[in-house]
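What follows is a short report on a single structure.
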Amino acid sequence: TQLLEQSPQFLSIQEGENLTVYCNSSSVFSSLQWYRQEPGEGPVLLVTVVTGGEVKKLKRLTFQFGDARKDSSLHITAAQPGDTGLYLCAGAEDPGNQFYFGTGTSLTVIP
Amino acid sequence: NAGVTQTPKFQVLKTGQSMTLQCAQDMNHEYMSWYRQDPGMGLRLIHYSVGAGITDQGEVPNGYNVSRSTTEDFPLRLLSAAPSQTSVYFCASSYIDPGVSYGYTFGSGTRLTVV
């Protein structure tokens, strides 16, 4: 079982601010995914990254996979209240293999 | 709507009672799994299945049983509930393809309280 640590655990910011959350491990992953979970619902996939150094953008969200494929970051530009939720990273050592989830970052964006 | 359906949404059990959490998907996904979510601990894998008739243990399997008789259904059984099993349970499914990392589709969860 890989240990995926996310930081910070909690984050509360004002609308319009920028933020970055991190996902770190000592394991090397073939792929890493980010999910967002809203209260009372299951996680929803945001993105999958598979190449070291890869950067993907989803509107105001920018995802980066570390060069060594051990870590990832999620940057949100000009946060909005609709970004509020729990952000989870998940990594798999081998393609098509089991994904293990991080501890999560709970984000609150205050209007 | 296509997706993963979990029932019930809420359940209160007394210590020692048994129950089955239901999970069904209509996307013809080979892979199905059960997670529990506790504060500060993310999602922890309980059991998973890569096809009908095939199941395996995850990180925290003790106290839980599963079976997969059809592609669509993957029930989770608690044989003798304990307060430590109070949690939110999620079922997830995905396609399987060696070399391709598909995302998981999650159900909306079952909130279980054991008193």
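The values are calculated or read from the model by the stated rules, or taken from the named source; none is laboratory data. Just so it is clear, the structure is predicted and the values come from calculations on it, not from any experiment. In this analysis, Cβ positions are derived from the backbone assuming ideal geometry, glycine residues included, and neighbour counts consider all displayed protein chains. With ligands, DNA and RNA removed, areas are computed over all heavy atoms of the protein, side chains included. Shrake-Rupley method; radii C 1.70, N 1.55, O 1.52, S 1.80 Å.
A few comments on the model shown:
- Computed over the range A:1-65, the ratio Rg/Rh where both radii use C-alpha atoms and Rh is Kirkwood: 0.96
- Each 5 Å bin from zero up to the one holding the largest Cα-Cα distance in the range B:10-50 carries the following percent of pairs: 5, 14, 20, 23, 22, 11, 5, 0.
- Loop-located trypsin sites (Lys or Arg not before Pro) in the range A:1-72 (DSSP state other than H, G, I, E, B) with a sparse environment of at most 11 neighbouring Cβ atoms within 10 Å: A:59.
- Taking both sides together, the accessible area buried where A meets B is about 1600 Å² for a 1.4 Å probe.
- Within the range A:1-95: Cβ-based charge dipole about Cα centre, in debye rounded to nearest 20 (Lys, Arg +1; Asp, Glu -1): 220 debye
- For the range A:64-81, 3J(HN,Hα) per residue [Karplus equation, 6.51 cos²θ - 1.76 cosθ + 1.60, θ = phi - 60°, Hz, x = Gly/Pro]: 10, 9, x, 4, 8, 6, 10, 8, 8, 9, 10, 10, 10, 9, 6, 4, 10, x
- Sequence-distant contacts, meaning Cα pairs under 8 Å at least 6 residues apart, place the relative contact order of chain B at 35 percent.
- Take each residue of peptide B:55-64, count the partner chain Cβ atoms within 10 Å of its Cβ, and average: the result is 1.
- Ranking A:102, A:63, A:29 by how far each Cα lies toward the positive end of the dipole of chain A (charges on Cβ) leaves A:63 at the top.
- The three principal axes of the Cα atoms in chain B give end-to-end lengths of 43, 30, 28 Å, sorted in falling order.
- Among B:102-114, B:10-22, the order from most to least packed when residues are scored by Cβ within 10 Å on average: B:102-114, B:10-22
- Separation between Cα centres of the range A:28-44 and the range B:57-115, rounded to whole Å: 16 Å
- Accessible area in the full protein assembly, largest first, 1.4 Å probe, for B:101, B:93: B:101, B:93
- Taking all protein chains into account, the per residue accessible area for chain A stands at 46 Å² (1.4 Å probe).
- DSSP beta bridges fully contained in the protein assembly as shown are about 90 percent antiparallel.
- Peptide B:100-113 has a mean shielding of 5, counted as Cβ atoms of other protein chains within 10 Å of each residue's Cβ.
- Highest mean first, the peptides A:40-52, A:20-32, B:50-62 sorted by other C-beta atoms within 10 Å per residue fall in the order A:20-32, A:40-52, B:50-62.
- Most mobile of A:80, A:33, A:14 in a GNM of chain A (Cα contacts under 10 Å): A:14
- Cα Rg, Dmax, chain A, angstrom units: 13.3, 41
- Per residue, the solvent-accessible area of the range B:31-115 (1.4 Å probe, heavy atoms of protein chains only, all protein chains present) comes to 41 Å².
- Think of chain B as having a plus end and a minus end, set by charges on the Cβ of Lys, Arg, Asp and Glu; of B:65, B:52, B:25, B:65 sits farthest toward the positive end of this dipole.
- Quarter of the Cα convex hull surface for the protein assembly as shown, i.e. its orientation-mean projected area (nm²): 12.1 nm²
- The mean number of partner chain beta-carbon atoms within 10 angstrom of a residue's beta-carbon across peptide B:37-48 is 4.
- Carbon and sulfur %, accessible surface of the range B:1-67 computed with the full protein complex present, 1.4 Å: 48 percent
- Overall, chain B carries a charge dipole of about 500 debye about its Cα centre when +1 sits on the Cβ of Lys and Arg and -1 on the Cβ of Asp and Glu, all other atoms neutral.
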